[in-house]
């Protein structure tokens, strides 16, 4: 049984949870409270020296980290249903869309960056939220330009890891109050994705540790 | 013939240049001066709506963006010599090492982030350099913990995209004056990588637009 090390708020973990659901791979989740610094504990650093979730463990598998590396591993080891196109050009486009949100926007808003903004520039909660909103919004500008009119998926109307990453980006968009009115194509794809049961069940607000979820 | 759209300082473009060199793929480079905002021009946005280099064009190929997506495309279309291991677990580890530098550190130091720090927090050049140095240093802490003693490559002593990304990270490390003394394993791998002709020839400081390079 795979073990997914997670934190309910983590957008990167949300991506992995969606993909595991879509591929029907059974997994147990182990929640770590990153809000109290659980990821700085030596025991956790053995799992991931970078002190971040997600990390995926199972049997003889060395703990895997980084959402994209985990999704590619899942694609190779559990290819059905595919979350990458079959042609190299399509795969490149899907991966670039994934990275447009997950690498160009998300790393800018994580807690360690907020902590550094506070320490180096005296950023407070309001400024930190404005910073995050800016980057989530920036990610949408380039994204909107790459979606087809009327699209319900990011690429060729087939579900892919680009959709997985866009869903996680849109959770951040909602969290930081970015207005989607300027981005109708993104909004349409997002509405379609959140209606998929495997995406809905994986949503951060439904995970253990979230404010409205009862502890076990 | 492939066309690589580039800017001499770009660490992401450096990664693609190394991989093209290693695989012996002929390409022409087209330099864009990002320091004067060439990436904001409508013509450039047609190439990459995100307004960033690298972008790779060729024949009927839709322009490909994002260094990792381009490297994966190269690996699929020009598999020799391989820059990913043959087993899924090894591939996952190499990809996670790549992302540890290219996604967790590099997006934090690019010009658009520096511009936002200046606008939102009044950051100046000194503060901007301190910010960049912090993130390049942070990337090294987690990296050092994942390298084997005596290693000359990032993973299993075989050249991979993890080495490509580490070389680009180390160019940033040098640019921002981060001391490598605390990171002897990283320093050893780096010294070994920069001695490889395909890495050396791709170095940003040797590219058109760099201060010591004569214009054509």
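The values are calculated or read from the model by the stated rules, or taken from the named source; none is laboratory data. None of the values given here were measured: they were computed from a predicted structure. Don't worry about glycine lacking a Cβ; one is built from the backbone with ideal geometry, like all the others, and counts go over all protein chains shown.
Some points to look at:
- In the set A:157, A:182, A:144, only one residue is under 30 Å from residue A:84 (Cα atoms) and within 11 Å of chain B (Cβ to nearest Cβ); that residue is A:144.
- Of all residue pairs spaced 6 or more apart or on separate chains, those with beta-carbon atoms under 8 Å, a first member in the range B:144-159 that is free of Cβ contacts under 8 Å to residues at least 12 places away in the same chain and a second member that is surrounded by fewer than 20 Cβ atoms within 10 Å (Cβ to Cβ) and assigned to a loop (DSSP other than H, G, I, E, B) are B:145/A:49; B:157/B:151.
- Close pairs from the range B:15-31: first within 15 Å of residue B:53 (Cα to Cα), partner assigned to a strand (DSSP E or B), Cβ under 6 Å, at least 6 apart: B:28/B:3; B:29/B:4; B:29/B:6; B:30/B:3; B:30/B:5; B:31/B:6
- Filter result for the condition that a residue is outside the structural domain of residue B:33 (by TED's automatic domain parsing), closer than 28 Å to residue B:79 by Cα and touching a residue at least 12 places away in the same chain (Cβ under 8 Å), over B:162, B:195, B:210: B:162
- Some residue of the range A:133-140 being surrounded by fewer than 17 Cβ atoms within 10 Å (Cβ to Cβ), part of a helix (DSSP H, G or I) and within 9 Å of another protein chain (Cβ to nearest Cβ): no
- Some residue of the range B:46-59 being assigned to a strand (DSSP E or B) and closer than 26 Å to residue A:76 by Cβ: yes
- Residues in the range B:103-112 that are part of a helix (DSSP H, G or I), crowded, with 19+ Cβ neighbours inside 10 Å and more than 7 Å from chain A (Cβ to nearest Cβ): B:106 only.
- Unmet criterion (only one of (1) assigned to a helix (DSSP H, G or I); (2) touching a strand residue (DSSP E or B) at 6+ places or on another chain (Cβ under 8 Å); (3) not assigned by TED's automatic domain parsing to the domain that holds residue B:190) for residue B:93: (3)
- Residues that are in a helix (DSSP H, G or I) and buried (at least 21 other Cβ atoms within 10 Å of the Cβ), drawn from the range B:173-203: B:173, B:186, B:189, B:190, B:193, B:199
- The set of residues in the range B:35-63 being within 14 Å of residue B:17 (Cα to Cα) and touching a helix residue (DSSP H, G or I) at 6+ places or on another chain (Cβ under 6 Å) consists of B:53, B:54, B:55, B:56.
- Any hit, the range B:69-87, residues being assigned to a strand (DSSP E or B), touching a strand residue (DSSP E or B) at 6+ places or on another chain (Cβ under 9 Å) and at pLDDT 95 or above: no
- Qualifying positions in the range A:70-102 - within 8 Å of chain B (Cβ to nearest Cβ) and surrounded by fewer than 18 Cβ atoms within 10 Å (Cβ to Cβ): A:76, A:77, A:88, A:89
- Residues located in the range B:115-125, provided they are farther than 22 Å from residue A:126 by Cβ and either part of a helix (DSSP H, G or I) or within 7 Å of chain A (Cβ to nearest Cβ) (or both): B:125
- Odd one out for residue B:5, checked against (1) closer than 22 Å to residue A:85 by Cα; (2) touching a strand residue (DSSP E or B) at 6+ places or on another chain (Cβ under 7 Å): (1)
- Count - residues of the range B:31-49 that are closer than 15 Å to residue A:146 by Cα and surrounded by 14 or more Cβ atoms within 10 Å (Cβ to Cβ): 5
- Enumeration of residues in the range B:50-69 that are surrounded by 15 or more Cβ atoms within 10 Å (Cβ to Cβ) and either under 15 Å from residue B:159 (Cα atoms) or at the interface with chain A (Cβ under 7 Å from one of its Cβ atoms) (or both): B:50, B:61, B:64, B:65, B:66, B:68, B:69
- Scanning the range A:204-214 for residues that are part of a loop (DSSP other than H, G, I, E, B) and surrounded by fewer than 16 Cβ atoms within 10 Å (Cβ to Cβ) returns A:208, A:210, A:211, A:212, A:213, A:214.
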